[in-house]
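Participant: What follows is a structure written as structure tokens; I'll ask about it next.
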Amino acid sequence: MIRAMNEHILVVEDEPSIAEVVSLYLKRAGFTVETAGDGDEAKSQFDKHEPDFIILDLMLPGVEGLSLMRWFRDRSRIPIIVLTARREEMDRIAGLESGADDYVVKPFSPQELVSRVRAVLRRVNREDSTPSGDRPVTHGTLVIDPGSRTLTIADKAIPLTVKEFDLLHLLALNPRQVYTRDQLLERIWGGADYIDAGTVTVHIRRLREKIETDPSAPMHLLTVWGVGYKFEP
């Protein structure tokens, strides 16, 4: 999915000056860049030539940015960094839960954006090179398939957001191993310092609501008080 060199990046940004600056810095860093000024153009570009990476402005004319990101996510697992002027924590969480790999708030440093693109690509390439991560994880009737990115319990499909799946897969792949919230932030969210550690707690709660018979008395996703969380088979 991710080429070793000269990755093709699609920049979806309706402000020409920002798109131009971002494109310039990315090209200087060795990337191939295409731009789109709205959702329809972005979809057309994607269908003609699926990129290796997307930088997506959430405030686009005629389309809601999160909806466009979900459109991309329905078709591909390529990395996405979202750009937005929204600074509230819930906006960041909404972007990440909709499938973003990172979140950059305007105004931003173009050089920092390039660094974040490189960091996400390193993380994705590292994950793709881990053989054990390709095999389905089975615990009783619970089956997590990283290939199709699906969760089934007793043959029933359970819908998960991108980060919910990543979090559950990591924990279930390493049963009984305790992870601190900081470790989970590093592994699932790339250690972005602007993401509150409470994001992990929110995701654990939502996962319990989806996989536990009684979310108030979980049997699988357990809290290790004062330390973090673990998956109990």
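Laboratory data are not the source of any read-out in this text; all were calculated from the coordinates shown. Source: prediction; values computed, not measured. Positions of Cβ are generated from backbone atoms using ideal geometry, with glycine treated the same way; all protein chains shown enter the neighbour counts.
Participant: What order do you get for 17-24, 51-58, 75-82, 117-124 when each peptide is scored by the mean count of other beta carbon atoms within 10 Å, highest first?
Facilitator: Highest-to-lowest ranking by the protection proxy: 51-58, 75-82, 117-124, 17-24.
Participant: Can you work out the FRET efficiency for the pair Asp74 and Leu173, with r the C-beta to C-beta distance and R0 = 30 Å, to the nearest 0.05?
Facilitator: 0.75
Participant: Using a Förster distance of 25 angstrom, determine the FRET efficiency expected from the C-beta separation of Lys48 and Ser109, and round it to 0.05.
Facilitator: 0.20
Participant: Using the Cα centre as the reference, give the magnitude of the dipole from point charges on the C-beta atoms of the stretch 131-231 (Lys, Arg: +1; Asp, Glu: -1; all else neutral), rounded to the nearest 20 debye.
Facilitator: Charge dipole of the stretch 131-231: 160 debye, to the nearest 20.
Participant: I would also like to ask the following. What is the magnitude of the charge dipole of the stretch 8-128 about its Cα centre, with +1 placed on the Cβ of each Lys and Arg, -1 on the Cβ of each Asp and Glu, and no other charges, expressed in debye to the nearest 20? Provide the component values of the computation, followed by the final result.
Facilitator: On the way: 17 positive and 23 negative charges, 106 e Å.
So the dipole magnitude of the stretch 8-128 works out to roughly 500 debye.
Participant: Still on this structure: Which order do Asp214, Asp40, Asp145 fall in if you start with the one that has the fewest other Cβ atoms within 10 Å?
Facilitator: The most exposed by this proxy come first: Asp214, Asp40, Asp145.
Participant: Say we join alpha carbon atoms closer than 10 Å with springs in a Gaussian network model of the chain; which of Arg149, Arg181, Arg135 then has the biggest fluctuation?
Facilitator: The residue that fluctuates most here is Arg135.
Participant: For Glu15 and Asp182, calculate 0.36 nm times their separation in residues minus their Cα-Cα distance, and state this gained length in nm to one decimal.
Facilitator: Values: separation 167, 0.36 × 167 = 60.12 nm, distance 3.56 nm.
Here the segment from Glu15 to Asp182 would lengthen by 56.6 nm.
Participant: If you take the beta carbon distance between His139 and Asp214 as r and set R0 to 25 Å, what does 1/(1 + (r/R0)^6) give as a FRET efficiency, to the nearest 0.05?
Facilitator: The formula returns an efficiency of 0.90 here.
Participant: Separate question: Which residue, Gly62, Gly99, Gly37, tops the fluctuation ranking in a GNM of the chain built on C-alpha contacts under 10 Å?
Facilitator: The residue with the greatest mean-square fluctuation here is Gly62.
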